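Chemist: Mind having a look at this structure? Questions to follow.
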Amino acid sequence: MAGKLAVTQGPGSELVADLRRLGFTEYEARVYVQLLRQNPATAYEVSKNSNVPRPNTYHALDALTQRGAVLPISESPVRYAPADPQELFETISRQTRSLCSTIADRLSALTPARNDQHVWTLQGDEAVHDRIEALIAEARQTLWIKAADDVLRRHTNALRMAAERGVETLIVLFGSDPEEFRFTENCRVYIHESNGVRMGTADNLFTLAVDQEEMLTATMDGDVVAATTRNRPVVTMAGSLIRHDYYMAEIFSALGPQIDETFGPYLRDLRLAYFSDEQKASFMRRTGLDGSTAAPAKRPDLVRGLS
């Protein structure tokens, strides 16, 4: 019991827990980690230094040998060496992807056609960003995005790869540098309302529409939560939101001074007419119109996508 407690709470405990998530038993995980620390080693040495009972050590070594994680390299006594972790887990990754694909195909044959009416909820930073990454990777024709640069930056590689395979990308950006996301001539990037300032709660959303077939929108401040669906009316609504922000970007580019003169900076008069008191205070503070901070500089020269 004392030996097991030491491993459970010791410096290798997180590695053991991670290996168990990949299908290793606890004893297999402890034996493999010990061999990485000390190799080659006999079963006796591994058992002694990993606090795994000797019968369980032999069983674990046999199982690890069958999966290619360890290799017997001598006789009388038998000594074992661990497989290189990079090579081992690249092999496991390939095998797992292949197995998952096969199982998915077989299970799909048992189910009726996909119901596109469901709206799925994802919670947590990792789950949401994994789904964003997957949607970008699956895009075939179009990617429409409305997002802040700090959030979008996490998906730079996926966006670049989409652009390079010919996906038409339209981005309405909260930020100041559209060039960061113009990877090819397929990428059009527009600064939101020519200033890139986030005004309120809605402007902290990440919204993505893919091939006019699927969308995702997520809150990125505080608890990260997303909704994603292939429901056509909802997908159309998301696309319309992004498309109208693109219209606004072009209008601001052409008529910025006239808009400011008519409605005030940052569409002040229009926004204040419908904002709650809390939203009004946030808007005035973010834009510097309350005099507490300097107003963010407008960048009309950065608005147009490729002009």
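The values are calculated or read from the model by the stated rules, or taken from the named source; none is laboratory data. Worth saying up front: this structure is predicted, and the values here are computed from it rather than measured. Using ideal geometry, Cβ is built from the backbone for each residue, glycine included, and neighbour counts are taken over all protein chains shown.
Chemist: Return a yes/no flag: does segment 135-148 have any residue that is surrounded by 12 or more Cβ atoms within 10 Å (Cβ to Cβ), aromatic (F, W, Y) and closer than 26 Å to V224 by Cβ.
Modeler: Yes, there is a match, as at least one residue in segment 135-148 is surrounded by 12 or more Cβ atoms within 10 Å (Cβ to Cβ), aromatic (F, W, Y) and closer than 26 Å to V224 by Cβ.
Chemist: Can you say whether R154 is of a type in the set (D, E, K, R), assigned by TED's automatic domain parsing to the domain that holds Y247, at pLDDT below 90 and outside any strand (DSSP E or B), as far as the supplied structure shows? Before the answer, list the steps.
Modeler: Working: of a type in the set (D, E, K, R): yes; assigned by TED's automatic domain parsing to the domain that holds Y247: yes; at pLDDT below 90: no; outside any strand (DSSP E or B): yes.
No.
Chemist: Could you check G12 against (1) modelled with pLDDT of 90 or more; (2) crowded, with 17+ Cβ neighbours inside 10 Å and say which number it fails?
Modeler: (1)
Chemist: Sticking with this structure for a sec: Taking the criterion of being touching a Gly at 6+ places or on another chain (Cβ under 6 Å), of a type in the set (D, E), assigned by TED's automatic domain parsing to the domain that holds I242 and within 25 Å of L216 (Cβ to Cβ), would at least one residue in segment 121-135 satisfy it? Explain how you work it out, then say what you get.
Modeler: Step one: of segment 121-135, the residues touching a Gly at 6+ places or on another chain (Cβ under 6 Å) are none.
No, because not a single residue in segment 121-135 is touching a Gly at 6+ places or on another chain (Cβ under 6 Å), of a type in the set (D, E), assigned by TED's automatic domain parsing to the domain that holds I242 and within 25 Å of L216 (Cβ to Cβ).
Chemist: Follow-up. Quick check on my filter: what residues within segment 220-247 are touching a Leu at 6+ places or on another chain (Cβ under 9 Å), assigned to a helix (DSSP H, G or I) and not aromatic (F, W, Y)?
Modeler: A238, I242, R243
Chemist: Considering only segment 25-37, I want to know if a residue exists there that is at pLDDT 90 or above, assigned to a helix (DSSP H, G or I) and in the same structural domain as V151 (by TED's automatic domain parsing).
Modeler: No - not one qualifying residue is present in segment 25-37.
Chemist: Within segment 56-75, is there a residue that is more than 19 Å from the chain's Cα centre (by Cα), in contact (Cβ under 8 Å) with a residue 60 or more places away in the chain and loosely packed, with under 12 Cβ neighbours inside 10 Å?
Modeler: No; the residues of segment 56-75 include none that is more than 19 Å from the chain's Cα centre (by Cα), in contact (Cβ under 8 Å) with a residue 60 or more places away in the chain and loosely packed, with under 12 Cβ neighbours inside 10 Å.
Chemist: In the list R79, R67, which residue meets the criterion of being under 22 Å from R30 (Cβ atoms) and touching a Pro at 6+ places or on another chain (Cβ under 9 Å)?
Modeler: After ruling out the rest, the residue left standing is R79.
Chemist: Another question, if that's okay. Do you know which of the residues in segment 267-297 that are at pLDDT 85 or above and under 14 Å from N195 (Cβ atoms) is surrounded by the fewest Cβ atoms within 10 Å (Cβ to Cβ)?
Modeler: Within segment 267-297, the match that is surrounded by the fewest Cβ atoms within 10 Å (Cβ to Cβ) is R268.
Chemist: Which of (1) within 29 Å of S253 (Cβ to Cβ); (2) in a strand (DSSP E or B); (3) touching a helix residue (DSSP H, G or I) at 6+ places or on another chain (Cβ under 6 Å) is the odd one out, the single condition L122 does not satisfy?
Modeler: Looking at each condition in turn, L122 falls short on (1).
Chemist: Across segment 164-198, which residue is nearest to the chain's Cα centre (by Cα) among those that are in a helix (DSSP H, G or I) and crowded, with 21+ Cβ neighbours inside 10 Å?
Modeler: F181
Chemist: Please tell me if R114 is among the basic types (K, R) and either within 30 Å of R188 (Cβ to Cβ) or modelled with pLDDT under 90 (or both).
Modeler: Yes, satisfied.
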